[in-house]
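*Asks:* Could you have a look at this structure, given as structure tokens, before my questions?
Coordinate-derived values only; no laboratory data. Just so we're clear, the structure is a prediction, and the values are computed from it rather than from any experiment. All Cβ positions, glycine included, derive from the backbone under ideal geometry; neighbour counts span all protein chains shown.
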Amino acid sequence: MQVTTYWLEHAWLGAHVEPGVALDVADGRITAVRTGAEAPEPGAEVLRGLTLPGLANAHSHAFHRALRGLVQVGSGTFWTWRDVMYRVASRLTPDNYHALARAVYAEMALAGITVVGEFHYVHHAPGGRPYADPNAMGEAMIAAAADAGIRITLLDTAYLSSAIGDKHGGEPPNRHQLRFSDGTAEAWAERVSLLKGGELARIGAAIHSVRAVPAAQLPVVAGWAAEHAAPLHVHLSEQTAENDACLAAHGRTPTQLLADHGVLGRRTTGVHNTHLTDGDIRLLGGSGTGTCMCPTTERDLADGIGPAKALQEAGSPLSLGSDSHAVIDLLEEARAMEMDERLRTRTRGHWTAAALLRAATAEGHAALGWDDAGLLEPGALADFTTVALDSVRTAGPLPRLGAETAVFAATSADIRHTVVAGRHVVRDGVHTLVPDVPSALSEAIGTLRG
């Protein structure tokens, strides 16, 4: 067994910053963590700066990266933003989506992200015709992550209707949404069961929203996830209009509807969880259902500020995602969660830097079904990232304050190294598999312009 030693100038070990740490890595896992290593031993890989567990991006729509800049022109609403998104989605093919996702996931690696939760719903050709390989689009996402050197949980998403309709069923998909839909939850389950994971890939499930999956079909998706011990994610109460429609059709909130149909639980994560009642918060926390906050998207779309602190106190673990990729920066997502709560409450200090880093690392990995990652400890997957402590943003503070510096001052531009499965994916700020990430992004996005 070949052992590689990484010498970490400073390492965040979950509660504190430790100087001089040696990590022994073999077969893609950390085999030993040795503190008190004042200098690198001969042959060790040297990582100068603050090394953290790899960051987990728990909510991504890779193709939304093509919207950056375009949807920041003028004003509008979530719903007008969605119209622009549909136009981009209509141009995706397995080949051009692979190219785009490879570039987006490479951007994530440059930002210190070692695993992504891809909330994937563009399944079929335009008009809803299945490809010869019914999972061609999902397999393109899995291949793209491997080509960019990061892990993926493909959250294959059930998307069956355009609106809640009445208590008997949802409205049919509109012309844009036909390629998202399998027709029924049973057909969705049959297709997703054909997907295979691997060393860098795991398969999960998602309910797009209570708008997009009729109530009677929710148990089928939840049942598939339970049978496969897979993570289950759902967009939840991102918009007040969704709450209003659900109350009108079912006489209960979206959270209550999910609870009544067996969707909530410890393997489930609600994404956004923005407009909740006190009763919703108790249901989510009491069931151990997680919450994925996406602050940069929530502010970009003017969604509102969700009750993250109340959810956590009720028992809902917090994770973070870049969602629409207005920016790809998990350190900014962590910072924004605290800053948004400060604005909402006009008080400071709702989470420590360590708590925010846990949301960006261990809790995010757990939400995506990677319980064996997100920590620098023996037995964990050898996924970690290093933040420079000598940039114009991070220079000055004492190294023992590295966690605070990373969360409250650093950005994705300060990521120096990213290691996945013990292999350098980013070295000295350069991606080792995708050598020119900006050009890859420009070319892939250019093909989607109409």
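*Asks:* Given just the C-alpha atoms of the stretch 103-166, how large is their convex hull per residue in cubic angstrom?
*Replies:* Here the figure is 108 Å³ per residue.
*Asks:* Could I ask something else about it? Using helices alone, what [θ] at 222 nm do you get for the chain, with -39,500 (n - 2.57) per DSSP H run of 4 or more residues, divided over all residues and rounded to the nearest 500?
*Replies:* The helix contribution divided over the chain gives -9500 deg cm²/dmol.
*Asks:* Any chance you could tell me what percent of the C-alpha pair distances in the stretch 280-366 go past 20 Å?
*Replies:* Of all Cα-Cα distances in the stretch 280-366, 29 percent exceed 20 Å.
*Asks:* I'd like the distance separating the alpha-carbon centroids of the stretch 263-328 and the stretch 29-47, in whole Å.
*Replies:* Each part's Cα centre sits 37 Å from the other's.
*Asks:* Could you work out Rg/(2.2 N^0.38 Å) for the stretch 308-423, with Rg from alpha carbons only?
*Replies:* My calculation over the Cα atoms of the stretch 308-423 gives 1.09.
*Asks:* Given the Cα-Cα distance of D436 and A354 and 0.36 nm per residue of separation, how much length would full extension add, in nm?
*Replies:* Fully extending the segment from D436 to A354 adds 26.2 nm.
*Asks:* Can you tell which of L195, L343, L218 shows the greatest fluctuation in a Gaussian network model of the chain with Cα springs below 10 Å?
*Replies:* Of L195, L343, L218, the most mobile in the Gaussian network model is L343.
*Asks:* Can you tell me which of T274, T296, T77 moves the most in a GNM of the chain? Springs connect C-alpha atoms under 10 Å apart.
*Replies:* T77
*Asks:* Sorted from largest down, what three extents in whole angstroms do the Cα atoms of the stretch 234-303 have along their principal axes?
*Replies:* 32, 28, 19
*Asks:* Given the C-alpha atoms of the stretch 33-75, compute the convex hull and give its volume per residue in Å³.
*Replies:* 179 Å³
*Asks:* Under 5 Å between amide H atoms, partner at least 5 residues away or on a different chain: which partners does A382 have, H built in plane at 1.01 Å?
*Replies:* Answer set, sorted by chain and number: R29, I30, A421, G422.
*Asks:* Using the Karplus curve 6.51 cos²θ - 1.76 cosθ + 1.60 with θ = phi - 60°, work out ³J(HN,Hα) for each residue of the stretch 190-203 in order, rounded to whole Hz, and write x for Gly and Pro.
*Replies:* 3J(HN,Hα) across the stretch 190-203, in whole Hz: 5, 5, 5, 5, 7, 6, 10, x, x, 4, 9, 9, 10, 10.
*Asks:* Considering Cα pairs under 8 angstrom that are at least six residues apart, work out the relative contact order of the stretch 55-368 and quote it in whole percent.
*Replies:* After rounding, I find 19 percent.
*Asks:* Would you kindly calculate the translational diffusion coefficient of the stretch 137-178, applying Stokes-Einstein with the Kirkwood radius from alpha carbon pairs, for 25 °C and a viscosity of 0.890 mPa s, and quote it in µm² s⁻¹ without decimals?
*Replies:* 194 µm²/s
*Asks:* Roughly what % antiparallel, to the nearest 5, for the DSSP beta bridges in the chain?
*Replies:* 45 percent
*Asks:* Sticking with this structure for a sec: What net charge is computed for the residues neighbouring N96, neighbours being all others with C-beta under 15 Å from the C-beta of N96, Lys and Arg scored +1, Asp and Glu -1?
*Replies:* +2
*Asks:* What's the extension gain from T277 to T35 if we count 0.36 nm per residue and subtract their Cα-Cα distance?
*Replies:* Taking T277 through T35 to full extension adds about 82.5 nm, to one decimal.
*Asks:* Hey, another quick one. Run the numbers for A302 and A395: contour at 0.36 nm per residue of separation, minus the present Cα-Cα distance, in nm.
*Replies:* 30.1 nm
*Asks:* In Å and from the alpha-carbon atoms only, list the Rg and Dmax of the stretch 338-393.
*Replies:* 14.6, 42
*Asks:* Once the Cα atoms of helix 240-250 and of the chain are each reduced to a long axis, what angle between those two axes, in degrees from 0 to 90 to the nearest 10, is obtained?
*Replies:* Taking the Cα atoms of the chain, the angle to 240-250 is about 50 degrees.
*Asks:* What whole number of Å gives the distance from the Cα centroid of the stretch 211-231 to the Cα centroid of the stretch 123-183?
*Replies:* 15 Å
*Asks:* With label points built 7 Å along Cα→Cβ from the Cα atoms of E171 and T77, find their separation and express it in nm.
*Replies:* Here the answer is 1.3 nm between the modelled labels.
*Asks:* Additional query: Report ³J(HN,Hα) in whole Hz for each residue of the stretch 105-116, in order, from the Karplus equation J = 6.51 cos²θ - 1.76 cosθ + 1.60 where θ = phi - 60°; Gly and Pro get x.
*Replies:* So the J values, rounded to whole Hz, are 5, 5, 4, 4, 4, 4, 8, x, 7, 10, 8, 10.
*Asks:* What value does the chain have for Rg/Rh, both radii from Cα atoms and Rh as Kirkwood defines it?
*Replies:* Rounded to two decimals, Rg over Rh is 0.96.
*Asks:* Remind me, what semi-axes does the stretch 130-223 give for its equivalent ellipsoid, largest first in whole Å, using sqrt of 5 times each Cα gyration tensor eigenvalue?
*Replies:* Equivalent-ellipsoid dimensions as semi-axes: 26, 13, 11 Å.
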